[in-house]
Amino acid sequence: MIAPSLTVRDKVSYGLGSTAEAMVFTTTSSFLMLFYNQVQGLPAHYIGIALAAGLIVNAVFDPMVGSWSDRTRSRWGRRHPFMFGSILPAAALFYAVFNPPDIGTLGQLIWLGVTNTLLLQAMTLYHTPHLALGGELSDSYLGRTSVMSYNTFCLWMGDTLGWLLCFRIFFAASAEYPNGALDPARWPLFSTTVAALVLLILAYSSWSTRNRIPYLPQPAADDSGFSPRELFRDIGRALTNRNYVVLLIGLFFLSMMTGIRLGLWLYSATFFWQLTNNQISLFVIGSFSGYVFAAFAVKRLHARFDKRWTGMAALLLYSIGPAIPLALGYVGVLDAQTPGILYILIAFSILQHLPYSLMITTVTSALADIADENELKYGMRQEGVLYATRTFFARVDQALGTALAGWVLTYIAFPTNARPGEVAEPVLMGLAAAFALSSIPGLIAGIFYGMLRVTRQSYDATRAALAAQRDMPDAPPEPA
């Protein structure tokens, strides 16, 4: 059955699933440490361990869901049963993680560990099949880039929506609380509203993409169903692909950098730069500029430079750019009283979001090309396992980064219930130094991304070999 060309509506409907995923990721990664440390008063290093434990458990669940969805046969296809099944648990668990009962320090640490772990599993149940679905929607080299550029832009929408809701509405500055997130009374409305949005957006994206189910790959008649044995075989097959292994090694170092930065960014904005939440919300200007430029540029960059060089350059810029302001703050060039500091920081934020958008689109598009290579070698499509095994390593390393962020806050003796302008100078310098030094693992990741051999030439050769293997002429590329 020949699939009709993808429309803009199809790509937007697909991408909106990542809008909800980004809202969950942005709000939890930005606020869980702050909420449990500064509002609930729990020790930062124990919070880091609780969050890391959840990520490690999730890392094991990711490839299981990927393999299971690859081997699922149903009238709803391989991916949609998992996507539909995740919606209600994800919304309920998001609310729960930000509403711990009054059960003491140890009890709240256990509550955080359990609810956050379950939330991550619920999001994996959606996110891994959803990513795999995106890898299947187009067979064309640049068409895949187009699908994933919509997905990445929708990630920005979710990130920005969560950002604006938090900093402009739920945690807007007041006379008593310049950082409204430190006000305990604000959290119930925040968690209820975001949970409702997550439910509605995930439901819409899942329902509105069901029209593509008849045209998506299905397991071969002789493929075995899901089992632990097949799970390990699927992972082993994925790890025999040289391009995939190089990608995972790069992702290992990238995730370490990202985990540390996510844990420390809001602390640096609030206490080092002494920005109010209303000011922090203006960083959306930098993220919008970066993501819009990247959305229009990425397909052209892949056509001219291929995915390998685009991904490497974007990652190197992403590693260096966001660390520059705090490095300058550490040496005394910039501080909270520097004239125009807010606009300087917003300008630098473009160097965070533009390369990140390019990098994520490149990686997710390249994974679909790697799925072609594995189909040629093993005779089955493994988008679920490939995207999930990638997430497995990202989760493990992000867990390490999150734990390191908690350790940094403990090591520099960052106070609980702190107020901007009252934190000691040596503590702030330690915060700036840790953020700047987090660039090192990102630079290492850039070297490995440059070792990828995912090019237009390799794609054409693989598609031709697949067409010959199927004993049929290769289908014309789908319009991007």
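When Arg237, Arg212 are checked against the criterion of being surrounded by 19 or more Cβ atoms within 10 Å (Cβ to Cβ), of a type in the set (D, E, K, R), over 30 Å from Leu317 (Cα atoms) and touching a residue at least 60 places away in the same chain (Cβ under 8 Å), a single residue qualifies: Arg212. Can you pull out every residue in region 52-85 that is more than 17 Å from the chain's Cα centre (by Cα), charged (D, E, K, R) and assigned to a helix (DSSP H, G or I)? Result: Asp70, single match. The residue that is nearest to Gln352 (Cα to Cα), counting only those in region 279-334 that are assigned to a helix (DSSP H, G or I) and of a type in the set (Val, Ile, Thr), is Ile320. Restricting attention to region 55-81 and to residues that are surrounded by fewer than 23 Cβ atoms within 10 Å (Cβ to Cβ) and under 17 Å from Val114 (Cα atoms), the residue that is modelled with the lowest pLDDT turns out to be Ala59. Only residues that are without any contact (Cβ under 8 Å) to a residue 12 or more places away in the chain and closer than 26 Å to Val408 by Cβ were counted across region 270-311, and they come to 0. Cβ separations smaller than 9 Å between residues 6+ apart or across chains give the following pairs from region 312-335 residues that are among the polar types (S, T, N, Q) to residues that are outside any helix (DSSP H, G or I) and buried (at least 21 other Cβ atoms within 10 Å of the Cβ): Ser319/Ser438.
Residues are listed down the side, and each one gets a yes or a no for (1) within 26 Å of Ile49 (Cβ to Cβ); (2) in contact with a helix residue (DSSP H, G or I) (Cβ under 9 Å, 6 or more places away or on another chain); (3) part of a helix (DSSP H, G or I):
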| position | (1), (2), (3) |
| --- | --- |
| Gln108 | yes, yes, yes |
| Thr145 | no, yes, yes |
| Gly162 | yes, yes, yes |
| Arg168 | no, yes, yes |
| Tyr177 | no, yes, no |
| Ser191 | yes, yes, yes |
| Leu200 | no, yes, yes |
| Ala203 | no, yes, yes |
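Cβ separations smaller than 6 Å between residues 6+ apart or across chains give no pair from region 89-109 residues that are at pLDDT 95 or above to residues that are in a helix (DSSP H, G or I) and exposed (fewer than 12 other Cβ atoms within 10 Å of the Cβ).
The values are calculated or read from the model by the stated rules, or taken from the named source; none is laboratory data. As the structure is a prediction and not an experimental result, all values here were calculated from the model. Here Cβ is always computed from backbone atoms with ideal geometry, including for glycine, and neighbour counts include all displayed protein chains.
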